[in-house]
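Step one of this worksheet: look at the structure below.
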Amino acid sequence: MSSKSLGLSDALHDYLLSVSLREPDVLRSLREETARHPQSVMQITPDQGQFLALLVQILGATKTLEIGVFTGYSALSVALALPETGRVVACDVSEDFTAIARRYWQQAGVAHKIDLHIAPALETLDRLLAEGQAGTFDFAFIDADKGNYWNYYERSLQLLRSGGLIAVDNVLWSGDVIDPNDQSANTLAIREFNQKLHQDDRVSLTMIPLSDGLTLAMKR
Ligand code: CA
């Protein structure tokens, strides 16, 4: 994915950030450290982090879900926006990536708000459902392996309360979604996900060209 919203010129992107970004120092430090990581493209953009934080505040969220943590920028953005009693249930399979995340969550003083589960996310989500936590989450951010997007979405939808919101990242996939020559598994998965979600009347829907494309689906 790109480091800025698809289709924006560099100059306009710089302007957008110059008049809107309010990135705390701890998030900037994390972003700069992650930029040196070989898989740095997996990090969300700072304007996207700020957008997620605003959504959480609009929702009055106290209980959120994150599927795909990487080095923790999005979870930290959300945790900083949550009230003191708020919690992020975060799912990832990598101890290495999340070791970086934990360090910055500690530094920011919000580690107590984030419950990190190192396991395949479907296992964690199924356990939450088995524990009777359906209908108790306010917000979910899906940004993990694209082949499981629909599975993550279905489980997140069950875990959300009515009026809760699911945000799904990379839905425009650097523009590859409209490249007919791209038949790779990830691209096919995102195309199929977008088409199925378009027909899903369990949610109110919007897709915005923020960063690499972000879909918002509100549970009716
Ligand atoms: Ca992403």
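The values are calculated or read from the model by the stated rules, or taken from the named source; none is laboratory data. It should be emphasised that the depicted structure is a prediction, and the values quoted were computed from it without experimental measurement. As a convention, Cβ positions derive from the backbone with ideal geometry for all residues, glycine included, and neighbour counts pool all protein chains shown. These accessible areas exclude ligands, DNA and RNA; they are computed on the full protein's heavy atoms, side chains included. Shrake-Rupley method; radii C 1.70, N 1.55, O 1.52, S 1.80 Å.
Which residues, counting only those in the range 6-28, are in a helix (DSSP H, G or I) and either surrounded by 13 or more Cβ atoms within 10 Å (Cβ to Cβ) or within 16 Å of the ligand (Cβ to nearest atom) (or both)?
Keep residues of the range 6-28 that are in a helix (DSSP H, G or I), which gives 10-20, 25-28.
Hits for the range 6-28 are HIS13, LEU16, LEU17, VAL26, LEU27.
Say we look at the range 72-83 and pick out the residues that are over 11 Å from ILE114 (Cα atoms) and more than 14 Å from the ligand (Cβ to nearest atom); which of these is most open to solvent (accessible area, probe 1.4 Å)? Even if it seems obvious, please write down each step before you answer.
Quick first cut of the range 72-83, residues over 11 Å from ILE114 (Cα atoms) only: 73-74, 77, 81, 83.
The next check asks that each one be more than 14 Å from the ligand (Cβ to nearest atom); those that pass are 81, 83.
Working: ALA81: 24, PRO83: 54 Å².
Applying the filter and picking the extreme gives PRO83.
Among the numbered criteria (1) open to solvent by less than 50 Å² (accessible area, probe 1.4 Å); (2) farther than 30 Å from ASP96 by Cα; (3) in contact with a Leu (Cβ under 7 Å, 6 or more places away or on another chain); (4) within 16 Å of the ligand (Cβ to nearest atom), which one does ASN194 miss?
Going through the list (1) open to solvent by less than 50 Å² (accessible area, probe 1.4 Å); (2) farther than 30 Å from ASP96 by Cα; (3) in contact with a Leu (Cβ under 7 Å, 6 or more places away or on another chain); (4) within 16 Å of the ligand (Cβ to nearest atom), ASN194 breaks only (3).
Hey, among the residues in the range 167-184 that are among the small types (Gly, Ala, Ser) and within 14 Å of the ligand (Cβ to nearest atom), which one's nearest to the chain's Cα centre (by Cα)?
The selected residue is ALA167.
Of the residues VAL88, VAL56, VAL69, which is within 16 Å of the ligand (Cβ to nearest atom), open to solvent by less than 10 Å² (accessible area, probe 1.4 Å) and either closer than 22 Å to GLY164 by Cβ or aromatic (Phe, Trp, Tyr) (or both)?
VAL69
Return the total of residues in the range 114-139 being within 18 Å of the chain's Cα centre (by Cα) and closer than 13 Å to LEU65 by Cβ.
Looking only at that region, the number is 11.
Checking the conditions here, which among ALA119, ALA130, ALA134, ALA108 is open to solvent by 20 Å² or more (accessible area, probe 1.4 Å), in contact (Cβ under 8 Å) with a residue 60 or more places away in the chain and of a type in the set (Gly, Ala, Ser)?
ALA108
Restricting to the range 84-109, name every residue that is closer than 21 Å to ILE142 by Cβ, touching a helix residue (DSSP H, G or I) at 6+ places or on another chain (Cβ under 6 Å) and part of a helix (DSSP H, G or I).
Listed by number, the list holds a single entry, TRP105.
Taking THR187 as the residue in question, decide whether it is within 16 Å of the ligand (Cβ to nearest atom), hydroxyl-bearing (Ser, Thr, Tyr) and surrounded by fewer than 20 Cβ atoms within 10 Å (Cβ to Cβ).
So THR187 passes the test.
Mind checking whether some residue in the range 29-52 is within 25 Å of THR206 (Cβ to Cβ), more than 16 Å from the ligand (Cβ to nearest atom) and touching a residue at least 60 places away in the same chain (Cβ under 8 Å)? Show your work before the answer.
Keep residues of the range 29-52 that are within 25 Å of THR206 (Cβ to Cβ), which gives 41-52.
Now drop any that are not more than 16 Å from the ligand (Cβ to nearest atom), which leaves none.
No; the residues of the range 29-52 include none that is within 25 Å of THR206 (Cβ to Cβ), more than 16 Å from the ligand (Cβ to nearest atom) and touching a residue at least 60 places away in the same chain (Cβ under 8 Å).
From the list LEU160, LEU172, LEU165, LEU210, which residue is open to solvent by less than 50 Å² (accessible area, probe 1.4 Å), farther than 25 Å from VAL89 by Cβ and at pLDDT 95 or above?
LEU172
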